[in-house]
Amino acid sequence: MWRAVVEVPDRIFHRRRTGDGVVGLDFGVKAAATLSSGEAIDAPRPLKAALRRLRIRSRRLSRKIEAAKVAAGFAPQARLPKGTKLPVSNNRRKSAATLARLHARVANVRADFTHKLTTRLCRQNQAVVIEDLRVKGMLANDRLARAISDVGLGMFREQIEYKARRYGTRLIIADRWYPSSRLCSVCGWKNEALTLKDRSWTCPECGARHDRDFNAALNLKRLATATALPVASLSGNSGAAAEMVSAVVGKVTPVRDDSVEESGQEENSAHLCARF
């Protein structure tokens, strides 16, 4: 995927919002994004849909490469000496192009979904709250790595940051250690025993039944408030829920205000826009 950086004036860079809502967004594997409004957005998962065809076409290309090795006098599985070039047949060239087109389609479907979702969130809201996810660490889980990669979380973060500047949306990034899933969004009790396999839980303090992702989105939405509202009231879990937002979060980053350094281009009322 290529990227060109071009300089554009303010009247082209800035876009007008159509709404002034505030939304919290929780990422996941089951649903790519769960909004504080209750909407769960599923990702198209293009890699999962095309995986069987990718394997078939990859095997076809591998067999053609092995045949070319044999024709050049090498064993099929032998490592070629450095600088050795195998003859490329028309069938091998066509097979490689077919495989490349399928890979490109997977990437384009994922990018299209991410572009539409990030544009919608920034266009309809004056503040969006997301988590500071460490995608590289999440990919260390062998069971979830493919599903996480298929959603494209790293691409989502990159796109929503520059689109928030375009639409004048305040993007707030909660610290990765903020317990958005563990806190009860009704009374603030903190569930220390919550695990990844628990998709729903009941608060023992107020009796509220929570969907894990929706509850996290509601807690993230609270970070968009101008004042440091208490994350929860006093409860029986050692007073942990009585901490203020600023104390529990540790860091809340308003990207639109802090992440853009001043430059000569900004002084000339121009911006750099990334075109994908």
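Check the straight Cα-Cα distances from Lys163 and name the lysines below 17 Å, setting aside those fewer than 8 residues away within the same chain. Output for Lys163: Lys116. Sorting 150-162, 44-56, 76-88 by their mean Cβ neighbour count within 10 Å, with the most densely packed peptide first, gives 150-162, 44-56, 76-88. Please identify which residues in the stretch 97-122 have an amide N closer than 19 Å to a label point set 7 Å out from the Cα of Arg16, following the Cα→Cβ vector. Flagged as within label range: 119-122. Projecting the Cα atoms of Ser89, Ala71, Pro46 onto the charge dipole of the stretch 1-149, computed from C-beta unit charges around the Cα centre, puts Ala71 farthest toward the positive end. Each residue of the stretch 127-134 was assigned a 3J(HN,Hα) from its phi angle through the Karplus curve 6.51 cos²θ - 1.76 cosθ + 1.60 (θ = phi - 60°); the sequence is 8, 10, 10, 10, 8, 8, 7, 9 Hz, with glycine and proline shown as x. The fraction of accessible area contributed by carbon and sulfur in the stretch 52-112 is 52 percent, rounded to a whole number (1.4 Å probe; ligands and nucleic acids excluded). For the stretch 1-83, just say rounded, prolate or oblate: build the C-alpha gyration tensor, square-root its eigenvalues into a ≥ b ≥ c, call rounded for a/c under 1.5, and beyond that prolate if a/b exceeds b/c, oblate if not. Cα axes put the stretch 1-83 in the oblate bin. Residues whose amide H comes within less than 5 Å of that of Asn125, counting only those at least five positions distant or on another chain, are Gly19, Gly21 (H built at 1.01 Å from N in the peptide plane).
Shown is the FRET efficiency for Thr202 and Glu158, computed with R0 = 51 Å from the Cβ-Cβ distance and rounded to the nearest 0.05: 0.85.
Our estimate of slack between Arg209 and Asp142, defined as 0.36 nm per intervening residue step minus the Cα-Cα distance, is 21.0 nm.
Distance between the pseudo-spin-label points of Ser37 and Arg134 (7 Å out from Cα toward the beta carbon): 3.3 nm.
Taking only alpha carbon atoms, the stretch 62-116 gives an Rg to Rh ratio of 1.21, where Rh is the Kirkwood radius. Taking the alpha-carbon centroid of each part, what is the distance from the stretch 163-187 to the stretch 1-66 in angstrom? Using only Cα atoms, the two centres lie 20 Å from each other.
Between Arg176 and Gln124, the modelled labels are 3.0 nm apart [label points 7 Å from Cα along Cα→Cβ].
The values are calculated or read from the model by the stated rules, or taken from the named source; none is laboratory data. Nothing here was measured: the structure is a model prediction, and the numbers come from that model. Glycine also receives a Cβ, built like all others from the backbone with ideal geometry; neighbour counts cover every protein chain displayed. Just the protein is used for accessible areas: all its heavy atoms, side chains included, with ligands, DNA and RNA removed. Shrake-Rupley method; radii C 1.70, N 1.55, O 1.52, S 1.80 Å.
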